[in-house]
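Undergrad: Please find one structure pasted underneath; my questions will follow.
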Amino acid sequence: MIVVMKAGSTDLDIENVRKRIEGHGLQVHLSQGAERTVIGVVGHIHSGLQPEMELMPGVAEVVRISKPFKLATREFKVGETIVELDGVTIGGEDPVMIAGPCAVETEEQVMATAEVVKAQGAKILRGGAFKPRTSPYSFRGLGVQGLKILAAAGQEYDMPVVTEVVTPEDVGMVASYADMLQIGTRNAQNFNLLDAVGKVDKPVLLKRGFSSSYEEWLLAAEYVLSGGNSQVILCERGIRTFEPYTRFTVDLAAVPVIKKLSHLPIIVDPSHSTGSWDLVTPISLAAIAAGAHGIIVDVHPDPATAKCDGAQALSFENFCTLSTQMRAVAEAISRATAATS
């Protein structure tokens, strides 16, 4: 349920509504815009609460939210959610490039990659220190050593870093090194982990489960939002279908659909979805044209020797091509882009 306040409602009116709602044992989420204030009500709402709220001073209307994702729905939030990450804005008109190696392998590899992607306009450095893999015999990351390398590269090149966290117990430790926490597709419905990242003051990059519907994906975001963390970025990374010619099937329709359903920003991962480096650039360009707030791509100094997902990684040369073409597409559809350094 949401309580929409009148344009001329006072701070006292809003505070009285908040106290009345909390007095019923319900959670309050306040969303204030230039023209109106919306108070979200979450919990078991009894039938008499709506008419009770409608009679309070300053209340314009009370609306029941029919969607199961209460906090993620566009009905709840006034305007768009903009995530600020050390000076980088995600969710605005300027599409953001997040780039780096799929897995942290060595300090030299990460430093070299960070230098190139930063020069080509990437704003956030990605890299996996903990790698949940289908096979237990695949490279599973360097762990804490990888986190230290990634954090050092971010500091050296003045880039915030994002990396995956895989267990609730590791959230605090990973958050001490990373600026943004990634929830991978295999953990998209790991509800204990979602609860844990909902309690930290760090942005969360939530990838879509490879068999998740839009509703399940937004309900996963709801776990984080209901924990008090409003800094959620959704990432379309492909879904599992019958098609064998790509690793997964990129659902670009997710971009406009999610933007219609939710106020949360959405980006696209063309690397893990396609599984092939030659498909990364065209899918990236299509994602920007579809309205995505950014892309996250794998970049490696020598993809042929990569310990993890080398087939989908862009070489430095190919990343430079992507960067140039992405700016051209953004400008062609009147979306601002930052110049390269």
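Undergrad: What number of residues in segment 216-230 are crowded, with 24+ Cβ neighbours inside 10 Å, within 13 Å of residue 181 (Cβ to Cβ) and not β-branched (Val, Ile, Thr)?
TA: Residues flagged as crowded, with 24+ Cβ neighbours inside 10 Å, within 13 Å of residue 181 (Cβ to Cβ) and not β-branched (Val, Ile, Thr) within segment 216-230 amount to 0.
Undergrad: State whether the residues of segment 139-147 include one that is closer than 20 Å to residue 313 by Cα, outside any helix (DSSP H, G or I) and in contact with a Pro (Cβ under 7 Å, 6 or more places away or on another chain).
TA: no
Undergrad: Okay, next question. Looking at segment 183-201, can you tell me whether even one residue there is assigned by TED's automatic domain parsing to the domain that holds residue 101 and in contact with a Cys (Cβ under 8 Å, 6 or more places away or on another chain)?
TA: Initial filter on segment 183-201 (assigned by TED's automatic domain parsing to the domain that holds residue 101): 183-201.
So of that shortlist, the ones also in contact with a Cys (Cβ under 8 Å, 6 or more places away or on another chain) come out as none.
There is no residue in segment 183-201 that is assigned by TED's automatic domain parsing to the domain that holds residue 101 and in contact with a Cys (Cβ under 8 Å, 6 or more places away or on another chain).
Undergrad: Take the residues in segment 7-65 that are assigned to a loop (DSSP other than H, G, I, E, B) and among the β-branched types (Val, Ile, Thr); name whichever of them is modelled with the highest pLDDT. Show your work before the answer.
TA: Here is the first cut: in segment 7-65, the ones assigned to a loop (DSSP other than H, G, I, E, B) are 7-10, 24-26, 33-36, 43-48, 55-58, 64-65.
This time we only want the ones that are among the β-branched types (Val, Ile, Thr), so: 10, 45, 65.
On the way: 10: 90, 45: 84, 65: 81.
Of everything passing the filter in segment 7-65, 10 is modelled with the highest pLDDT.
Undergrad: In segment 199-222, which residue that is hydrophobic (A, V, I, L, M, F, W, C) and under 11 Å from the mean Cα position of the chain (by Cα) is farthest from residue 173 (Cα to Cα)? I'd like the intermediate steps shown before the answer.
TA: Just the residues of segment 199-222 that are hydrophobic (A, V, I, L, M, F, W, C), to begin with: 200, 204-206, 210, 217-221.
From the residues that got through so far, the ones that are under 11 Å from the mean Cα position of the chain (by Cα) too are 204-206, 221.
Working: 204: 15, 205: 17, 206: 19, 221: 22 Å.
Among them, the one singled out is 221.
Undergrad: So how many residues does segment 52-109 have that are over 21 Å from residue 262 (Cβ atoms) and either among the basic types (Lys, Arg) or touching a Ser or Thr at 6+ places or on another chain (Cβ under 6 Å) (or both)? Break it down into steps so the answer makes sense when it comes.
TA: So the first thing to find is which residues in segment 52-109 are over 21 Å from residue 262 (Cβ atoms), and the list is 52-62, 86-87, 97, 99-109.
Checking which are either among the basic types (Lys, Arg) or touching a Ser or Thr at 6+ places or on another chain (Cβ under 6 Å) (or both) leaves us with 58, 100-101.
Total satisfying the criteria: 3.
Undergrad: Name the single residue, out of those in segment 102-137 being outside any helix (DSSP H, G or I) and of a type in the set (Val, Ile, Thr), that is modelled with the lowest pLDDT. Before you say what the answer is, go through the steps one by one.
TA: Within segment 102-137, the subset outside any helix (DSSP H, G or I) is 102-106, 120-137.
Imposing the further condition that a residue be of a type in the set (Val, Ile, Thr) reduces the set to 104, 106, 124, 134.
Details: 104: 94, 106: 95, 124: 98, 134: 70.
That would be 134.
Undergrad: If you don't mind, another one. Confirm whether residue 66 is within 30 Å of residue 233 (Cβ to Cβ) and surrounded by fewer than 19 Cβ atoms within 10 Å (Cβ to Cβ).
TA: Values: within 30 Å of residue 233 (Cβ to Cβ): yes; surrounded by fewer than 19 Cβ atoms within 10 Å (Cβ to Cβ): yes.
Considered against the rule, which asks whether it is within 30 Å of residue 233 (Cβ to Cβ) and surrounded by fewer than 19 Cβ atoms within 10 Å (Cβ to Cβ), residue 66 comes out as yes.
Undergrad: For segment 269-283, indicate whether the set of residues that are farther than 28 Å from residue 171 by Cα, among the acidic types (Asp, Glu) and touching a strand residue (DSSP E or B) at 6+ places or on another chain (Cβ under 7 Å) is non-empty.
TA: No, the conditions are met nowhere in segment 269-283.
Undergrad: Determine which member of the set 125, 85 is surrounded by fewer than 23 Cβ atoms within 10 Å (Cβ to Cβ) and within 22 Å of the chain's Cα centre (by Cα). Explain how you work it out, then say what you get.
TA: Details: 125 fails: surrounded by fewer than 23 Cβ atoms within 10 Å (Cβ to Cβ).
Within the list 125, 85, the selection yields 85.
The values are calculated or read from the model by the stated rules, or taken from the named source; none is laboratory data. This is a predicted model, so every value here is computed, not measured. All Cβ positions, even for glycine, are placed from backbone atoms using ideal geometry, and neighbour counts span all protein chains on display.
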